[in-house]
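Heads up: the structure comes next, in structure tokens.
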Amino acid sequence: MGSDPQYARWPDLSLAQDIFFVKHIPQHRQNAIKKLEENITKHKMAPLYRYLAHTQDGILSNQISWNQNLYDELKHQNDEELEAFQKEEDEAAEKAGETEVHAARGKRAEFWSRVGDKEKAIAAHETLFEKTGVLGTKIDLVLAIIRIGLFFSDKFLVKKQVDRAKTLIESGGDWDRRNRLKAYQGLHLLTIRSYNLAAPLLLDSLSTFTSYELCSYSSLVVYAVLAGSVSLKRVDFKSKVVDAPEIKAIIGSGEDRLAAFSGAISAGPGAGDEEMEDAPVVSSATPKPTSNVVNLTTIGTANEGQVDTETTVDFTPLAGLVRSLYEGQYQNFFLALAAVEENFLSLDRYLYEHRGWFVREMRLRGYQQLLQSYRVVGLKSMAGAFGVSIDYLDRDLAKFIAADRIPCTIDRVQDIIETNRPDDKNKQYTDVVKQGDALITKLQKYGQAVRLRGSERG
């Protein structure tokens, strides 16, 4: 087991969520502005205040008022802190050892992260990185830079530093930092829409999560369930999401939650593919909803001072999405998907950008799951199963069929959908032809470029 993580307090990523609220969510705007103003004053965040509110280049200048006197006062307090850090470092260099000098530099790096100066915070952390030889400290510094990138939504910086952290971990990082990096990497992949790569990392992080400086445990549950729901195959979805003890303990029914805590997890219904046959009439009866309001402060333990940040979260829409998708209750599935979009996708800074894509992919997953079991399905029957009109289903399916996402055809004369599950050999042949065409095109472009360079030399 390694040493305790360092440089984990700043930046405060919850403030980045408040900035998102101010920009995009009107119903949360006033509370978010109040919280930002309180934190700017309390923690003397002069650079962040300028970044947000300055009349010329502030990103929230239309929502947060600019007060030059307040900025000057905060700037003066920042200068006094920096002078104290410099004095401490000079005295340490003269009278103490390298450890004390490093500690003084660490205070300066955390200061820049706290007040919200991106460039100076990165530079200060890089200086510390170069001056230290302890691997655990190096990893903590890189993780801190990742959080700076996440705070300012700098995806390129985050990707670069995640790769850097992976290299350090592989050179001998301890178990705790290895697990913390899983959550960091999973969250980064989520922000760039690589849900299939994010899902295993986020799901693995549930049982060992300690990165409360990154996000709350409730947020991690949401990210893991959503990533798993949209990307995992049915068998993996059952084992890693539907039946996972960590997830059942949060979004399961009362009995499932109790069983998850006690370790008695039921296997649930089978997940095998059914024989293809004509579709029967699908029931759309709505089951009685169960309450999934969970206080995360009662689950597990967290770093000191972090557990208080967990709030009561209503996981009912998320639980409904998982249950209805797995059990094939498609009308409830569409209703749950709409509720998830409203309560989670539209209110989270990491999910907001890709909410349209996620909803579309989940609709596709529902269609695929129903159609893969049948040769012929009545258009009216399928529309009734999903609780939508025939015209809507026709238009929605047509988009996926045109994009080769669903192997079927719609016959509007007979109002049926005929599935044509592709033969594996034919699919492999088609893939080889497509990939071969792409390779030939690239080689032709390369040949043209080589000939052009040769003529220039001649």
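The values are calculated or read from the model by the stated rules, or taken from the named source; none is laboratory data. Source: prediction; values computed, not measured. Cβ coordinates were reconstructed from backbone atoms using ideal geometry, including for glycine residues, and neighbour counts include every protein chain displayed. Side chains included, ligands, DNA and RNA excluded: accessible areas come from the protein's heavy atoms. Shrake-Rupley method; radii C 1.70, N 1.55, O 1.52, S 1.80 Å.
Within the option set GLY149, GLY97, GLY133, GLY106, being at pLDDT 95 or above and at negative phi holds for one residue only, GLY149. Name the single residue, out of those in region 115-144 being over 19 Å from VAL162 (Cβ atoms) and of a type in the set (Ser, Thr, Tyr), that is surrounded by the fewest Cβ atoms within 10 Å (Cβ to Cβ). The qualifying residue surrounded by the fewest Cβ atoms within 10 Å (Cβ to Cβ) is THR127. Of all residues in region 324-349 being part of a loop (DSSP other than H, G, I, E, B) and touching a residue at least 60 places away in the same chain (Cβ under 8 Å), which is farthest from LEU187 (Cα to Cα)? The extreme case among them is PHE344. Determine if region 68-87 includes at least one residue that is closer than 28 Å to ARG349 by Cβ and among the polar types (S, T, N, Q). Among the residues of region 68-87, at least one is closer than 28 Å to ARG349 by Cβ and among the polar types (S, T, N, Q), which makes the answer yes. There is at least one residue in region 350-364 that is among the hydroxyl-bearing types (Ser, Thr, Tyr), under 32 Å from the mean Cα position of the chain (by Cα) and not in a helix (DSSP H, G or I).
Would you call SER205 of a type in the set (Ser, Thr, Tyr), touching a Gly at 6+ places or on another chain (Cβ under 8 Å) and closer than 30 Å to VAL313 by Cα? So SER205 passes the test. Residues in region 126-133 include at least one that is free of Cβ contacts under 8 Å to residues at least 24 places away in the same chain and assigned to a loop (DSSP other than H, G, I, E, B). Quick check on region 90-111. Is at least one of its residues closer than 30 Å to PHE20 by Cβ and polar (S, T, N, Q)? No, region 90-111 contains no residue that is closer than 30 Å to PHE20 by Cβ and polar (S, T, N, Q).
Each residue in region 215-233 was checked for being open to solvent by 10 Å² or more (accessible area, probe 1.4 Å), of a type outside the set (Gly, Ala, Ser) and more than 19 Å from GLU361 (Cβ to Cβ), and 2 of them qualify.
The rows are residues; the columns are (1) among the aliphatic types (A, V, I, L, M); (2) out of contact with any Asp or Glu (no Cβ under 9 Å at 6 or more places or on another chain); (3) assigned to a loop (DSSP other than H, G, I, E, B); (4) at pLDDT below 95.
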site	(1), (2), (3), (4)
GLY172	no, yes, yes, yes
ARG177	no, no, no, yes
GLN185	no, yes, no, no
ALA198	yes, yes, no, no
LEU201	yes, yes, no, no
SER207	no, no, no, yes
SER211	no, yes, yes, yes
SER219	no, no, no, yes
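The single residue among ALA32, ALA46, ALA8, ALA16 that is modelled with pLDDT under 95 and of a type in the set (A, V, I, L, M) turns out to be ALA8. Looking only at region 145-186, filter to residues that are among the basic types (Lys, Arg) and closer than 21 Å to ASN196 by Cα; which one of those is most open to solvent (accessible area, probe 1.4 Å)? Restricting to residues being among the basic types (Lys, Arg) and closer than 21 Å to ASN196 by Cα, the top hit is LYS160.
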